[in-house]
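Read-outs throughout are calculated quantities, based only on the coordinates presented, and are distinct from any laboratory measurement. On a predicted model such as this, the values are computed, not experimentally measured, just so you know. Don't worry about glycine lacking a Cβ; one is built from the backbone with ideal geometry, like all the others, and counts go over all protein chains shown.
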Amino acid sequence: MKNIAIFASGSGSNAENIANYFKDKAVAEVVLMLTNNANAFVLERAKKLAVESVVFSSEQLKSGELASLLNDKAIDLIVLAGFLLKIPENLIAAFPNKIINIHPALLPKYGGKGMYGDAVHKAVVANKEKETGITIHYVNEHYDEGAIIFQAKCAVSETDTYENVARKIHQLEYKHFPRVIEDFLLKRKL
Ligand code: GAR
């Protein structure tokens with residue numbers, strides 16, 4: 001049984017979906033949800049799911065003290081699901097190839113600093129893209145530039161608003177992200 005920690009900065013609907021997916025599975029369990037935002041709704045979700053949660057400051061993230069906490073909890077995989085801050089090099093070094101992120105677009109398009117949540121979908125609509133999608137990738141020291149593990153696409157119609165696109169993207173995320181994590185744990189033998 002592998003231990004998953006999820007980092008989220010806001011709503012945490014992916015965090016909840018992943019935790020529910022692994023509830024009845026032998027392969028892994030979500031044992032910790034961490035956030036940099038004391039008002040994030042993900043904390044309510046963690047409480048409801050009876051998953052331990054941790055709030056940390058950006059200074060604590062940078063200092064490296066999270067690595068020892070995550071090691072104490074025997075975390076095997078860190079999943080970023082709607083996490084806003086940059087992961088510092090010390091954490092990447094402590095968890096080599098064991099941190100993955102979901103991005104709500106088809107990277108390398110619409111990635112980088114400031115490209116988060118609705119800002120991504122607004123840009124996709126403004127540019128009249130015909131399709132968009134999700135990217136699950138390794139986390140390295142550059143925003144949204146780690147090697148791609150999985151992508152899935154959906155169509156964008158001329159009448160789609162950014163809210164519609166956000167809904168489509170969330171549906172894709174709920175469908176694929178838990179399964180891709182499971183596959184990752186089994187195939188990479190973490
Ligand atoms: C998700 O769509 C995720 O892909 C995105 O934030 C949303 C969080 O939703 N992440 C990024 O934009 C990262 N650059 P949730 O809190 O309901 O899971």
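Annotation note: trypsin sites (Lys or Arg not before Pro) in the stretch 1-82 located in DSSP loop regions with a Cβ neighbour count of at most 10 within 10 Å are LYS23. Dividing the helix sum by the residues of the chain, where each DSSP H run of 4 or more adds -39500 (n - 2.57), gives a mean residue ellipticity at 222 nm of -11500 deg cm²/dmol. The charge dipole of the chain, taken about its Cα centre with unit charges on the Cβ atoms of Lys, Arg (+1), Asp and Glu (-1) only, comes to about 360 debye. Label-to-label distance for GLU89 and ASN140 is 1.4 nm, based on points extended 7 Å past Cα in the beta-carbon direction.
Dipole magnitude for the stretch 79-190: computed about the Cα centre from +1 point charges on Lys and Arg Cβ and -1 point charges on Asp and Glu Cβ, it is near 260 debye. Using only Cα atoms, locate the centre of the stretch 1-62 and the centre of the stretch 131-171, then give the distance between them in Å, rounded to an integer. Their Cα centres are 21 Å away from one another. For every other residue with a beta carbon closer than 14 angstrom to the beta carbon of LEU43, add +1 if it is Lys or Arg and -1 if Asp or Glu, then tell me the sum. Residues close to LEU43 contribute a combined charge of 0. Mind running the shape call on the stretch 107-175? Use the C-alpha gyration tensor, a ≥ b ≥ c as the square roots of the eigenvalues: rounded below 1.5 for a/c, prolate if a/b tops b/c, oblate otherwise. Here the stretch 107-175 falls in the prolate category. Counting other Cβ atoms within 10 Å as a rough exposure proxy, the listed residues VAL27, VAL120, VAL42 run VAL27, VAL120, VAL42 from fewest neighbours to most. Computed from phi, the 3J(HN,Hα) profile of the stretch 76-87 under the Karplus parametrisation 6.51, -1.76, 1.60 (θ = phi - 60°) reads 9, 9, 9, 10, 9, 10, x, 9, 8, 8, 6, 7 Hz, with x in place of Gly and Pro.
Count charges around PRO108 for me, please; just the other residues with Cβ under 10 Å from its Cβ, Lys/Arg as +1, Asp/Glu as -1. Taking every other residue near PRO108 into account, the sum is -1. Name the shape class, rounded, prolate or oblate, that the alpha-carbon gyration tensor gives for the stretch 1-98, where a ≥ b ≥ c are the square roots of its eigenvalues, rounded holds for a/c under 1.5, and otherwise prolate holds if a/b is larger than b/c and oblate otherwise. Oblate shape, in that a/c is at least 1.5 and b/c is the bigger or equal ratio. Measuring how big the stretch 1-40 is from its alpha-carbon positions, Rg and Dmax come out at 10.6, 32 Å. Computed from phi, the 3J(HN,Hα) profile of the stretch 90-105 under the Karplus parametrisation 6.51, -1.76, 1.60 (θ = phi - 60°) reads 4, 6, 5, 5, 6, 10, x, 6, 10, 10, 10, 10, 10, 10, x, 7 Hz, with x in place of Gly and Pro. Hydrophobic, long helices, defined as DSSP H runs whose alpha-carbon span along the helix axis is 27 Å or greater and whose mean Kyte-Doolittle value is at least -1.0, occur in the chain at 162-187. With a/c under 1.5 counting as rounded, go ahead and sort the chain into rounded, prolate or oblate using the C-alpha gyration tensor (a ≥ b ≥ c being the square roots of the eigenvalues; past the cut-off, prolate if a/b is larger than b/c, else oblate). Since a/c reaches 1.5 and a/b is larger than b/c, the shape of the chain is classed as prolate. Dipole check for the stretch 1-68: with +1 at the C-beta of Lys and Arg, -1 at the C-beta of Asp and Glu, and the Cα centre as origin, the magnitude is about 160 Debye.
Rounded to the nearest 0.05, the FRET efficiency derived from the C-beta distance between LYS23 and THR159 at R0 = 25 Å is 0.10.
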